[in-house]
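Single-structure report; data block below.
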Amino acid sequence: MLFGIGRGVECDLLLMKGKRVTILVGFLMLLFAAGKNGVRASIHEYNNEAFIPRFNSFFFHGGSEGLYASKNRETLGATHDDDNSKPLTGKSFIRFESITFRRPKEVAEKQNEMQQSTGVVEAIIFEVKDSNKIGRAYMNSNAICCDPALAKDGLCKVGEVIIRQDPDNPGWPRRLHASFEGKSEEANMVLHTVEINKTGMYYLYFVFCDPELKGTLISGRTVWRNPEGYLPGKMAPLMTFYGLMSLAYLALGLLWFLRFVQHWKDIIQLHYQITAVIGLGMFEMALWYFEYSNFNATGSRPIGITLWAVTFTAIKKTVSRLLLLVVSMGYGVMRPTLEA
């Protein structure tokens, strides 16, 4: 498939089936990935990342998220000023911030100082179901960039990505440009916000077709936001789930406490262990809720809350399974008695 989307899914499935990572390794990987400022997800940052050759193009995967349609369907303007002046409350969007492309110095020096555009990088946004509208996939060809033959037929422009517009959704897949001027080594993409008016799984790729731009690096970031916050579409229901589970554990804990006090004379060691499991579950659900709530508000996962949530989850599972094991063996349930 285009840009290897299908192949990436197959690799993920193979990794899930073929490998089992230990708790220690997973914990260390989480620490390494989180860094000092938390784990970024809906805010995708690029730090001098390189482009990958693919067929007759070079591309960089800028991110992919599930996005819901905007609640307020007022269309954003196409200009830079309109993008920043429109209120974004209740909107779903992808915003390009401080995106900069840097090409090799030797490539820049070869260009004509007076030429207005000496290289173009495109940002392509599309819904996953429209991946066959990018390149010549619909013509059983692997080409992504336009060639002179297609340009002669008026299907595209030489040096640009081939895009077949969706008749049911005008303007999509969406294409944005950033151009190198003269001998400049850098090309900056203006601050731009693309509103999402249709629920779906969206992909972003940065692509250039000119082989002379090989070695170009990208830096900056893109912000992906749903109408209710930064949580991706596939994770948004989890915040509600953990909130309800926190209330359920609170109600269970209150009920258990009342019964515990009522029958305090008959309490055995097993009841204390059950109390510990309920308490751990209450803290676990509350921490996960606050973790997702913070993620939804800021676009980043706080490392502290995440680690505590994972820790309480591991402890609760361990204690509850040990409790199940000892109860199955009769500990705390049967009492030794003297035969008559």
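The values are calculated or read from the model by the stated rules, or taken from the named source; none is laboratory data. From a predicted model like this one, the values you see are computed outputs, not experimental measurements. As a convention, Cβ positions derive from the backbone with ideal geometry for all residues, glycine included, and neighbour counts pool all protein chains shown.
Within segment 252-289, the only residue that satisfies the criterion of being small (Gly, Ala, Ser) and more than 22 Å from Leu324 (Cα to Cα) is Ala286. In the set Phe126, Phe180, Phe206, which member is in contact (Cβ under 8 Å) with a residue 12 or more places away in the chain, more than 25 Å from the chain's Cα centre (by Cα) and under 23 Å from Thr222 (Cα atoms)? Going through Phe126, Phe180, Phe206 in turn, just one is in contact (Cβ under 8 Å) with a residue 12 or more places away in the chain, more than 25 Å from the chain's Cα centre (by Cα) and under 23 Å from Thr222 (Cα atoms): Phe180. All of Ser246, Ser320, Ser300 fail the test of being under 30 Å from Glu228 (Cβ atoms), surrounded by 15 or more Cβ atoms within 10 Å (Cβ to Cβ) and modelled with pLDDT under 90, apart from Ser300.
Taken over segment 147-163, the criterion of being at pLDDT 85 or above and not β-branched (Val, Ile, Thr) is satisfied by Glu160 alone.
Return the residues of segment 165-191 that are outside any loop (DSSP other than H, G, I, E, B) and among the small types (Gly, Ala, Ser); say none if nothing qualifies.
Start the filter on segment 165-191 by keeping residues that are outside any loop (DSSP other than H, G, I, E, B), which leaves 174-179, 186-188.
Ala178, Ser179, Ala187 - these are the residues of segment 165-191 that are outside any loop (DSSP other than H, G, I, E, B) and among the small types (Gly, Ala, Ser).
Residues that are assigned to a loop (DSSP other than H, G, I, E, B) and assigned by TED's automatic domain parsing to the domain that holds Phe96 do not occur anywhere in segment 121-132. Residue count for segment 287-325, restricted to those that are part of a helix (DSSP H, G or I), touching a residue at least 24 places away in the same chain (Cβ under 8 Å) and more than 21 Å from Leu247 (Cβ to Cβ): 9.
Entry remark, segment 244-270: residues being within 45 Å of the chain's Cα centre (by Cα) and either aliphatic (A, V, I, L, M) or not in a helix (DSSP H, G or I) (or both) number 11 in total. You will find that of Val107, Val161, the residue that is of a type in the set (A, V, I, L, M, F, W, C), farther than 30 Å from Lys198 by Cβ and touching an Asp or Glu at 6+ places or on another chain (Cβ under 7 Å) is Val107 and no other.
Among the residues of segment 186-195, are any on the phi < 0 side of the Ramachandran plot, buried (at least 19 other Cβ atoms within 10 Å of the Cβ), of a type in the set (Ser, Thr, Tyr) and within 25 Å of the chain's Cα centre (by Cα)? Yes, the conditions are met somewhere in segment 186-195. Screening the candidates Phe257, Phe283 for the property of being at pLDDT 90 or above and either surrounded by fewer than 17 Cβ atoms within 10 Å (Cβ to Cβ) or among the β-branched types (Val, Ile, Thr) (or both) yields one hit, Phe257. Only one entry in Ala143, Ala149 is more than 25 Å from Ser219 (Cα to Cα), of a type outside the set (Val, Ile, Thr) and touching a Lys or Arg at 6+ places or on another chain (Cβ under 9 Å), namely Ala143. May I ask you to verify whether Asp210 is of a type in the set (Asp, Glu) and more than 24 Å from Asn56 (Cα to Cα)? Considered against the rule, which asks whether it is of a type in the set (Asp, Glu) and more than 24 Å from Asn56 (Cα to Cα), Asp210 comes out as no. Take segment 171-185 and flag every residue that is surrounded by fewer than 14 Cβ atoms within 10 Å (Cβ to Cβ) and either small (Gly, Ala, Ser) or modelled with pLDDT under 85 (or both). Of everything in segment 171-185, those that are surrounded by fewer than 14 Cβ atoms within 10 Å (Cβ to Cβ) and either small (Gly, Ala, Ser) or modelled with pLDDT under 85 (or both) turn out to be Gly171, Gly182. Each residue in segment 192-217 was checked for being in a loop (DSSP other than H, G, I, E, B), closer than 15 Å to Val121 by Cα and not small (Gly, Ala, Ser), and 4 of them qualify. Just one of the listed residues (Asp147, Asp210, Asp168) is loosely packed, with under 14 Cβ neighbours inside 10 Å and among the acidic types (Asp, Glu), namely Asp168. Among the criteria (1) within 23 Å of Ile144 (Cβ to Cβ); (2) surrounded by 16 or more Cβ atoms within 10 Å (Cβ to Cβ), the one Met239 does not fulfil is (1).
May I ask you to verify whether Arg164 is of a type in the set (Lys, Arg), without any contact (Cβ under 8 Å) to a residue 60 or more places away in the chain and closer than 21 Å to Glu49 by Cα? Taking the combined requirement at face value, the residue does not satisfy it.
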